[in-house]
Structure formats: structure tokens, C-alpha cells
Amino acid sequence: MTGSESTPSFRLAYVPGVTPAKWVRIWNERLPDVPLDLVAVPAAEASDVLRKGGADAGFVRLPVDRTFFSAIPLYTETTVVMVPKDHLVTAAEEVSVEDLADEVVFHPLDDVFDWERPPGQPAFERPATTEDAVELVAAGVGLLVVPQSLARLHHRRDVTYRPVVDAAQSSVVLSWPEEATTELVEDFIGIVRGRTVNSTRGRTQPAAQSQPQSQPKAKRAETSGARRKPAPGKTKGKPTRSGGGVKRGKPRRRS
């Protein structure tokens, strides 16, 4: 038997901006004997990693191929524009796509949005990564529209952000190959959906748990019934004891 067979593990992929710590903590509490291995992957490569078996499930961004993958929606992020701290945009609490129409807005090659048309004016060339684009924003060369989690991930003191109220949004889902829905995948689905320990699929034995609970109830019912049933002869015995006391106390008649 190989080590992987004797000690199973669960591999969870996640894309930049997603923080799986909460779910990992619950997994470690419920399944301490099954290691959970985190696999950090770029958003554009997440589907290929899952498709090729590089992870059992993953927190990925839409869209996903629903003919191959199952997906559970988790949340949709606020879209923000990253700007230098002294930019005019910082005077407003939020902006619209139209407000960015005359600005140079970077569209990095790893952009997570499925744009029909990116906002603003295109840059001379596309940065390779979001991190590279943030560097250019800090240099005052242009702006960058990203999900809020990525703005936090690439936080800098000289860069800030504001919500873009009408821009495209990015949604995060838990996804896995539909034909590879293992018991461990079901366990993780239960954690993500907030199931309790007793309701998690594949880990409960309801028949074995319910039987001991029903027996004491039956015994209590029988005992309670026995107390309510009068004992034979007990009602007749009470007058006899009372009458006997009267006879014992009556003096004898002298002749």
C-alpha cells in the first residue's frame, strides 16, 4: 500500500484574492487525520489545474465550463479602480465607468474580468500581470480596475481605490470536476455550505445514533404507566387498617 492510499489528503486550489483560511480551519477541526493541501494558482490557469487533477476542488472565478465542472456560487465582489493617492478620483466616494472615459486604464494579461470593452483609454501595451499594473498605477502612468480583494492583496501606501458602481463584476465559486465528486469533496462542500458535523454527507450514521435515544423513552413510558396503575387490593386494605385500629382501641365489656 502506498503512502497516498494509507494517508489520503485533500488538495484545494485557490486564485489570487481568495482567502480560504476560514474553511481550512473548519476542515482541520472536523477531519484532523486528512491533511488539506493548498494549491495557489493564477486565475487563468485554475480550470486547467482542476481538469488535469492537480487539485480536488478549487475557489475560482467565473466563468467555468459547466459541461465539465460543478460550481457553487459563493460571492460577487465589489469592483474598484486603483489610483495614485493624489488623483482627482479620490475626491469622490465612488465613480462610474463614464468618469474613467478619459483616463488610461490598464488591462493586464491576467485580468479576471470578461470585458466586452474595458473602461477608459487603452494603454500603449498590456502589463503582464496585475502586480505589474499596480506598479504603473503607483508611478502615475494610468489606472487599474480590479475586484476589491485584488486591490487589498496588492495594497501600497501610495495607491488607493474607489468603488466603480456600474463596472463588470467578478464572482467566486467553489468548483470541481463533476465526475470526480469524491467523499472528501462532499465533505468540503458541506463545510462551505455551513452544514453541521452531524449533517455532513458521508460522515454520519443516523440509524446507529437514533436507536439508543428511543429506548430510554420507551422505558420511561412503561415506568410512568406502572406508577399510575393501582396495585390489587390496595384500596380495600386502607379501610381494614383504619377499622382494625378502632377495634383494638375498644375496651372489653365486664360481666
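The values are calculated or read from the model by the stated rules, or taken from the named source; none is laboratory data. Here the structure is a predicted model, which is why all the values come from computation and not from measurement. A quick note on method: Cβ atoms are made from the backbone with ideal geometry, for glycine too, and the neighbour counts reach across all protein chains shown. These accessible areas exclude ligands, DNA and RNA; they are computed on the full protein's heavy atoms, side chains included. Shrake-Rupley method; radii C 1.70, N 1.55, O 1.52, S 1.80 Å.
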Legend entry - Relative contact order %, region 86-196, counting alpha carbon pairs below 8 Å whose residues are six or more apart: 30 percent
Legend entry - Accessible-area value, Arg126, 1.4 Å probe, nucleic acids and ligands omitted, Å²: 110 Å²
Legend entry - Net charge of Cβ neighbours under 12 Å - reference Val165; Lys, Arg +1; Asp, Glu -1: -4
Inset, instruction - Read phi for every residue in region 156-169 and hand back ³J(HN,Hα) as whole Hz from Karplus 6.51 cos²θ - 1.76 cosθ + 1.60, θ = phi - 60°, with x for Gly and Pro. - result: 9, 5, 9, 10, 9, 8, 9, x, 10, 5, 10, 8, 4, 10
Legend entry - Radius 9 Å from Cβ of Arg11, net charge of other residues (Lys, Arg +1; Asp, Glu -1): -2
Legend entry - Local net charge near Thr130, Cβ-Cβ under 9 Å (Lys/Arg +1, Asp/Glu -1): -4
Inset, instruction - Name the residues whose placed amide hydrogens come within less than 5 Å of the amide hydrogen of Thr160, ignoring near sequence neighbours (fewer than 5 apart) on the same chain. - result: Val83, Lys85
Legend entry - Neighbour cut-off at most 12 other Cβ (10 Å), DSSP loop, trypsin sites (Lys or Arg not before Pro), region 57-115: Arg66, Lys85
Inset, instruction - Taking H placed 1.01 Å from N in the peptide plane, check which residues at least 5 places from Val105 or on another chain put their amide H under 5 Å from its amide H. - result: Gln121, Ala123, Leu143
Inset, instruction - Starting from the Cα gyration tensor of region 39-147, take the square roots of the eigenvalues, sort them a ≥ b ≥ c, and report rounded, prolate or oblate (rounded when a/c is under 1.5, otherwise prolate if a/b is larger than b/c, else oblate). - result: prolate
Legend entry - Karplus-derived 3J(HN,Hα), 6.51/-1.76/1.60, for each residue of region 74-80, Hz, glycine and proline x: 10, 6, 10, 8, 6, 8, 10
Legend entry - Neighbour-limited loop hits for GluC sites (Glu not before Pro), region 96-189 (at most 14 other Cβ within 10 Å; DSSP other than H, G, I, E, B): Glu116, Glu125
Inset, instruction - Pull out a ≥ b ≥ c, the square roots of the eigenvalues of the alpha-carbon gyration tensor of region 30-77, then state rounded if a/c is under 1.5, prolate if not and a/b is larger than b/c, and oblate in the remaining case. - result: prolate
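For Trp176, Trp115, write out the residues from largest to smallest accessible area, computed with a 1.4 angstrom probe and no ligands counted.
If we order Trp176, Trp115 from most to least accessible, we get Trp115, Trp176.
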